[in-house]
Amino acid sequence: MVEESSPLLPPAERSIKAETDTALEPDPEPGELALEPSEPAFVCDCDPQMRSACSGQPFFKEHEGKHFCVLHVPTKAKSLQFAEALRRKVEARDFDFQGVWLPD
């Protein structure tokens with residue numbers, strides 16, 4: 001007796017096992033950048049009630065064992081960097097300055 005494969009079943013090389021071993025994300029189109037996993041976003045060590053003002057800001061400096069963004073680090077040695085962060089917030093029409101520590 002000759003066994004015939006059912007037309008409803010995929011060939012052996014297209015088994016469920018083979019399909020689950022492939023990546024679920026499509027390959028990027030030519031000229032498109034592939035997304036790589038990013039690091040978790042920085043969270044400033046300022047008072048949690050003030051963090052809305054620095055959402056998206058990068059780590060700037062450690063102060064007394066805590067990690068701060070440029071807006072909240074309590075130091076005067078940040079004038080140029082603070083001015084740049086302030087300019088970006090104003091240009092983005094982001095006027096949340098809760099707990100911001102002014103250097104000058």
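Just so you know, all these numbers are worked out from the coordinates, no wet-lab data involved. In this text the structure is predicted, and so the values were computed from the model without any measurement. Heads up, the Cβs are rebuilt from the backbone with ideal geometry, glycines too, and the neighbour counts pull from every protein chain shown.
Ranking of H72, H63 by neighbouring Cβ atoms within 10 Å, starting from the fewest: H63, H72. Going by neighbour counts of Cβ atoms within 10 Å, the residues R87, R51, R93 line up, fewest first, as R93, R87, R51.
Please arrange K89, K61, K76 by how many other C-beta atoms lie within 10 Å of their C-beta, fewest to most.
K76, K61, K89
What is the diffusion coefficient of the range 36-104 in µm²/s, taking the Kirkwood radius over Cα pairs and the Stokes-Einstein relation at 25 °C with a viscosity of 0.890 mPa s? Here the translational diffusion coefficient equals 198 µm²/s. Legend: calculated FRET efficiency, D96 to E62, from the Cβ-Cβ distance at R0 = 30 Å, rounded to 0.05, equals 0.80.
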